[in-house]
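The values are calculated or read from the model by the stated rules, or taken from the named source; none is laboratory data. Everything numeric in this text was worked out from a predicted model, so none of it was measured. Here the Cβ is made from the backbone with ideal geometry for all residues, glycine too, and neighbour counts use every protein chain on show.
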Amino acid sequence: MRDLRVDVGSIALQIREYEREGEAIIFLHFGGGNLMMWQRAVPYFQDQYRLLLVDLRDHGRSDKPQNSGHIDEMARDVAGVMGQLKIERAHIIGSSLGAEVGLSLAANFPEKVTSLVCEGALCSEYGPYGVWDGSEAGFQEHVARTLAEVRNGSDQVFTSVSALVEARKQVFEKHGWWNQYVEAFLEYDAFEVSKGHFTRSWQKMAREKYLEHYFACRFEDYYERVKCPVLMLPGEDDMQDERTKIAMKGLSQLVSKGKIVAVPGWVHPYGWLLDPEEISKVILGFLVEVHC
């Protein structure tokens, strides 16, 4: 294992690499996450694949320009990492935001993606593959309210990493999700905004920029350009929502080789930090199928 920073144009991304010969897998985290979210999944893959865990821009220990937030920009960053590390093609595993970035990468750089695993990007917010149950005017009002809440909010600042972790620990404990892996994930995520003052890495301006693009994004425009096999992994909540299931099935039919597998009891997106054994086995089986 090695940690390194990779320059991709005007910014640098933090990478953790597990080196070995053979095919590569690139892991892309959820919004507000970081590369430490994959620590429990790594053992299932590292004996067979070269692994790259990426902190996306504005996250973890990567640079934080907070001036974009579009998934296409983040996908170009990942393509840049692949170029710098001389990785011609890779399997992509993405969770939530990471799935969206992986989808953009597969659509815009099809020659670089062998297969795509989407634990997220399963439906658009609005449109023929969307989950909004109402008028377009109502949707736009919803978007405006959501963006205003983010814009008018503030990043909570703490005087130590331990204080930040303790505050967030209460949320995870409420759901029965607290463990040493979550703790390490939260500690890694602490960002020193000024001397002795810490906040979460994904800060308000970056979140706002991302959401501005997210609500306007139509994932069908990406899926219809994807050439590689795609595995969609819905969470338990997704499978209980009829509109999500319909949208997900429709999107899967836009690609030539689309597959949906629901892992019983899967908690999106924190299952990776809780118990990723079953979902990892499903992915490993899919990767074998890709070459059959």
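Yes/no matrix, rows are residues, columns are (1) of a type in the set (Ser, Thr, Tyr); (2) modelled with pLDDT under 95; (3) touching a helix residue (DSSP H, G or I) at 6+ places or on another chain (Cβ under 7 Å); (4) part of a helix (DSSP H, G or I):
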site: Leu4; (1), (2), (3), (4): no, no, no, no
site: Gly22; (1), (2), (3), (4): no, yes, no, no
site: Met36; (1), (2), (3), (4): no, no, yes, yes
site: Gln66; (1), (2), (3), (4): no, yes, yes, no
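Determine the pairs where a residue that is under 20 Å from Tyr210 (Cβ atoms), located within segment 28-47, has a partner that is part of a loop (DSSP other than H, G, I, E, B) and of a type in the set (D, E, K, R) with Cβ atoms under 6 Å apart, the partner being 6 or more residues away or on another chain.
Matching pairs, first to second residue: Asn34/Asp55; Leu35/Asp55.
So Leu211 clears everything in (1) touching a strand residue (DSSP E or B) at 6+ places or on another chain (Cβ under 6 Å); (2) part of a helix (DSSP H, G or I) except one condition, right? Which one?
For Leu211, the exception is condition (1).
Being among the hydroxyl-bearing types (Ser, Thr, Tyr) and touching a residue at least 60 places away in the same chain (Cβ under 8 Å) is the filter here; which residues of segment 252-272 pass it?
Within segment 252-272, Tyr270 is the sole residue that qualifies.
Condition first: among the aliphatic types (A, V, I, L, M) and within 20 Å of Met36 (Cα to Cα). Now tell me which residues in segment 190-205 satisfy that.
Correct list: Ala190 only.
For segment 6-43, which residues satisfy the criterion of being in contact with a Ser or Thr (Cβ under 8 Å, 6 or more places away or on another chain) and over 22 Å from Arg207 (Cβ atoms)?
Across segment 6-43, the qualifying residues are Glu23, Ala41.
Please find, within segment 220-279, the residue that is modelled with the lowest pLDDT out of those that are part of a loop (DSSP other than H, G, I, E, B), over 17 Å from Val113 (Cβ atoms) and among the charged types (D, E, K, R).
Filtering first and then ranking leaves Asp241.
Residues checked against (1) in contact with a strand residue (DSSP E or B) (Cβ under 7 Å, 6 or more places away or on another chain); (2) closer than 28 Å to Arg145 by Cα; (3) in contact (Cβ under 8 Å) with a residue 60 or more places away in the chain:
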{"position": "Trp177", "(1), (2), (3)": "no, no, yes"}
{"position": "Leu186", "(1), (2), (3)": "no, no, no"}
{"position": "Arg218", "(1), (2), (3)": "yes, yes, yes"}
{"position": "Lys227", "(1), (2), (3)": "no, no, yes"}
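From the residues in segment 93-147 that are among the hydroxyl-bearing types (Ser, Thr, Tyr) and not in a loop (DSSP other than H, G, I, E, B), which one is farthest from the chain's Cα centre (by Cα)?
Result: Thr146.
Please count how many residues of segment 96-146 are under 25 Å from Gly235 (Cβ atoms), out of contact with any His (no Cβ under 6 Å at 6 or more places or on another chain), touching a residue at least 60 places away in the same chain (Cβ under 8 Å) and not hydrophobic (A, V, I, L, M, F, W, C).
Matching residues across segment 96-146 total 15.
Within segment 177-195, track down each residue that is in contact with a Leu (Cβ under 9 Å, 6 or more places away or on another chain), within 15 Å of Tyr270 (Cα to Cα) and not in a helix (DSSP H, G or I).
The answer is Trp177, Asn179.
Looking at (1) touching a Cys at 6+ places or on another chain (Cβ under 8 Å); (2) in a strand (DSSP E or B); (3) not acidic (Asp, Glu), which is the one condition that is false for Phe198?
Condition not satisfied by Phe198: (1).
Answer yes or no: is there a residue in segment 63-73 that is within 23 Å of Leu273 (Cα to Cα) and buried (at least 18 other Cβ atoms within 10 Å of the Cβ). Write out each step before concluding.
Here is the first cut: in segment 63-73, the residues within 23 Å of Leu273 (Cα to Cα) are none.
No; the residues of segment 63-73 include none that is within 23 Å of Leu273 (Cα to Cα) and buried (at least 18 other Cβ atoms within 10 Å of the Cβ).
Give the residues of segment 194-218 that are farther than 13 Å from Asp58 by Cβ, of a type outside the set (D, E, K, R) and more than 16 Å from the chain's Cα centre (by Cα), sorted by residue number.
Ser194, Gly196, His197, Phe198, Phe215, Ala216 - these are the residues of segment 194-218 that are farther than 13 Å from Asp58 by Cβ, of a type outside the set (D, E, K, R) and more than 16 Å from the chain's Cα centre (by Cα).
Every residue, every condition in (1) hydrophobic (A, V, I, L, M, F, W, C); (2) within 14 Å of the chain's Cα centre (by Cα), yes or no:
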| site | (1), (2) |
| --- | --- |
| Leu4 | yes, no |
| Tyr18 | no, no |
| Ala24 | yes, no |
| Ala41 | yes, no |
| Leu53 | yes, yes |
| Gly83 | no, no |
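Would it be correct to say that Lys249 is surrounded by fewer than 16 Cβ atoms within 10 Å (Cβ to Cβ), touching a residue at least 40 places away in the same chain (Cβ under 8 Å) and farther than 24 Å from Gly32 by Cβ?
For Lys249, the condition - surrounded by fewer than 16 Cβ atoms within 10 Å (Cβ to Cβ), touching a residue at least 40 places away in the same chain (Cβ under 8 Å) and farther than 24 Å from Gly32 by Cβ - is not met.
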